[in-house]
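To start, the structure under review is shown below, and the notes come after it.
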Amino acid sequence: MKKLYTLSQLTKIIQEHKKREQKVVLANGCFDLIHVGHIRYLKESKKKGDILVLALNTDSSIRKLKGEGRPILNQKERADIASSFYFIDYITFFDEPNVEKVLLALKPDIHAKGSDYTEETVPEKETVKGYGGTIAITGGPKIKSTSQLIKEIASKIKDGE
C-alpha cells in the first residue's frame with residue numbers, strides 16, 4: 001500500500017475516511033533517527049483512532065529547527081522507514097515551522113503530540129480547537145530525544161566503544 005502523499009492528495013483521501021465516520025489522528029515530527037520513544041508515541045497515537053497520518057518535517061525545515069548537520073537521514077529515507085510501520089496509514093511532508101497548514105487541510109479528529117508537550121504547550125492548540133478537534137498527549141514519559149541519541153553515538157565513537 002502506498003503511504004506517502006502530497007497534502008493535496010491526502011486531503012481528498014482523508015475526506016473519504018471521514019465520510020465513513022472513521023476517526024483520524026495526526027502525529028508529526030522529524031523522526032530523524034527512529035528510537036523507542038518515537039515508536040511508543042506513534043503506536044499510542046494510532047490507538048486513539050482508526051487512521052493515523054504522520055506529517056514529517058522536510059529536510060529544510062529540520063535544518064531550520066535543529067541546525068546544520070541535520071537531518072541525519074533525508075526525508076525520502078525517513079518516509080521509507082515510517083512507511084514500513086503497520087500502525088501508520090498515511091504520510092505527508094510539511095515545510096513550515098509548525099504543522100498548522102496540515103491540520104487546517106486535514107482537520108483530523110485528534111492531534112497527537114508526544115509527552116514533551118502538555119495540552120497547554122502544543123503550538124497548534126488554538127488551530128485544533130478552532131475546527132473542533134482535540135489534542136492527545138501520547139507515548140508515555142519522554143525517555144530521550146534524537147539529539148541526545150546523536151550525542152551518545154558521537155561520544156561512544158570518540159571513546160572508541
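Read the figures in this text as sums done on the coordinates, not as results from a lab. Computed from a predicted structure; not experimentally measured. Glycine gets a Cβ as well: all are built from the backbone with ideal geometry, and neighbour counts include every protein chain shown.
Take Asp159, Asp59 and order them by how many other Cβ atoms sit within 10 Å, fewest up front. Before the final figure, lay out the partial values.
Values: Asp159 7, Asp59 19.
Least to most surrounded, the residues fall as Asp159, Asp59.
Along the axis of the charge dipole computed for the chain (Cβ charges of +1 for Lys and Arg, -1 for Asp and Glu, origin at the Cα centre), the listed residues Ser84, Gly132, Leu149 are led at the positive end by Ser84. Each of Leu56, Leu4, Ile34 was scored by the projection of its Cα onto the charge dipole of region 1-123, and the greatest displacement toward the positive side belongs to Leu4; charges sit on the C-beta of Lys, Arg, Asp and Glu. Among 124-133, 44-53, sorting by the average number of other beta carbon atoms lying within 10 angstrom of each residue, highest first, gives 44-53, 124-133. Only helices enter the 222 nm calculation for the chain: every DSSP H run of n ≥ 4 contributes -39,500 (n - 2.57), and dividing by all residues gives -12500 deg cm²/dmol, rounded to 500. Dipole check for the chain: with +1 at the C-beta of Lys and Arg, -1 at the C-beta of Asp and Glu, and the Cα centre as origin, the magnitude is about 280 Debye. Shown here are the Rg and Dmax of the Cα trace of region 41-161, at 15.6, 53 Å.
Our note on the geometry: Cα centres of region 10-45 and region 91-159, 11 Å apart.
Starting from 0.36 nm per residue, how many nanometres of slack lie between His35 and Ile153 once their C-alpha separation is accounted for? Before the final figure, lay out each step's value.
Values: separation 118, 0.36 × 118 = 42.48 nm, distance 1.29 nm.
Here the answer is 41.2 nm.
Here's the picture: a label point sits 7 Å out from the Cα of Arg20 along the beta-carbon direction, and within region 111-131 nothing has its amide nitrogen under 14 Å of it. Taking other C-beta atoms within 10 Å as the exposure proxy, Val102, Val122, Val36 rank Val36, Val122, Val102 from fewest upward. Out of every Cα-Cα pair that region 1-91 contains, those further apart than 24 angstrom amount to 20 percent. Taking a sphere under 15 Å around the Cβ of Phe85 and counting the other residues whose Cβ falls inside, with K and R at +1 and D and E at -1, yields a net charge of +3.
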